[in-house]
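One structure below.
What follows is calculated from the coordinates using simple rules that are stated; it is not laboratory data. These numbers come from a predicted model, not from an experiment. Note that each Cβ is placed from the backbone with ideal geometry, even for glycine, and that neighbours are counted across all protein chains shown.
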Amino acid sequence: PSAMREVMLELPNVRWEDVGGQTSVKQQLIEAIQWPQKCPDAFERVGIQPPKGLLMMGPPGCSKTLMARAAASESKLNFLAVKGPELFSKWVGDSEKAVRSLFAKARANAPAIIFFDEIDGLAVTRGHENDGTSVADRVLSQLLVEMDGLDKKVIVIAATNRPDKIDPALTRPGRFDRLLDVQPPNQGDRADIFRIHTRSIPRSPDVNLEEFARLTEGYTGADIKLVCREAAVAALDENYDIEEVSMRHFKFAISKIKPSDVKFYK
Ligand code: ATP
């Protein structure tokens, strides 16, 4: 149990309207997580099982973590987040126990979502240059054991930007069998994301978010968040008493922040 003090339990406060674009992924999360929470009897009546494990695949900075937290908030589920590689580094020599106690903690705080970011960092080495007894192998086996015996009130979401590195054992039926394709934002999505990240920034009337969306091809949601922040800082830089952030501040921020131009391996 001492090891698990390191995984924080949260009740996130992220709404679906805080996520720009991603209409289809949001809808799939609502159907897979919110509906069964709201009407478990209905699922039983029609004889289907809600999914236990979902795998989000997509480049960094494109709202995988944000959407997982929104899914938890919107259904009032506790949220436990852990990065795949942390299971090795934080609990050296005790990684399987870390996996076991993570799931135990989720059960104790059910209904809950466990979020595994960088799940590929868990599953890379299995079966290749070793005899199946490496730490990575044992952690993965323990994860599979936990998935197979999962409580109905615990949902597991995993995320990766390297789906090519995922061990096929993880995506078998009953495990992470619901695949969600998270794409970088298109122009309309970017306008949406600008709208979200300028909600608390007082803007001069000349500010045109649609134009920013056109100027930011290749920017991720995380990049856009940074642009909005930089624009506000640029305004302050100019004048500490400034009351509005103007077009020129945003244009300066866009020229300063380079797009991540994420590639998505598939
Ligand atoms: P990683 O793979 O690095 O974990 P990720 O896909 O999980 O990346 P997030 O951590 O969710 O990305 O994104 C980082 C931040 O960027 C978010 O907290 C949010 O503020 C902003 N952001 C990213 N995408 C969006 C979006 N579609 N709408 C609003 N904000 C976004």
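So the values come out like this:
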{"quantity": "Positive-end residue, the chain charge dipole about Cα centroid, Cβ charges, pick of Phe194, Gln49, Ile224", "calculated": "Gln49"}
{"quantity": "Violating pairs (Cα-Cα greater than 32 angstrom) within the set Lys83/Lys251; Lys165/Lys256; Lys97/Lys258; Lys76/Lys251; Lys105/Lys165; Lys76/Lys256", "calculated": "Lys83/Lys251; Lys165/Lys256; Lys97/Lys258; Lys76/Lys251; Lys76/Lys256"}
{"quantity": "Share, in percent, of DSSP beta bridges within the chain that are antiparallel, nearest 5", "calculated": "10 percent"}
{"quantity": "Residue of Asp151, Asp177, Asp206 that the Gaussian network model of the chain assigns the largest fluctuation, springs spanning Cα pairs under 10 Å", "calculated": "Asp206"}
{"quantity": "Segment 142-266: relative contact order as a whole-number percent, Cα under 8 Å and 6+ apart", "calculated": "28 percent"}
{"quantity": "Per-residue [θ]222 nm for the chain (sum of -39500 (n - 2.57) over DSSP H runs n ≥ 4, rounded to 500)", "calculated": "-12000 deg cm²/dmol"}
{"quantity": "Residues Leu55, Leu9, sorted so that the one with the fewest Cβ neighbours within 10 Å comes first", "calculated": "Leu9, Leu55"}
{"quantity": "Under-5 Å amide H pairs with Val245, H placed in peptide plane, nonlocal only", "calculated": "Arg203, Ser204"}
{"quantity": "Rounded tilt (10° steps) of 95-108 against the dominant C-alpha axis of the chain", "calculated": "80 degrees"}
{"quantity": "In nm, spacing of pseudo-spin labels at Ala169 and Ile201 (7 Å Cα→C-beta vector)", "calculated": "4.7 nm"}
{"quantity": "Relative contact order computed over the chain (Cα-Cα under 8 Å; 6+ residues apart), in percent", "calculated": "24 percent"}
{"quantity": "In order through segment 23-36: 3J(HN,Hα) via Karplus (6.51 cos²θ - 1.76 cosθ + 1.60), integer Hz, x for Gly, Pro", "calculated": "3, 6, 5, 4, 4, 5, 5, 4, 5, 7, 10, 5, 4, x"}
{"quantity": "Folded to 0 to 90 degrees: helix 64-74 orientation relative to the chain principal axis, Cα", "calculated": "80 degrees"}
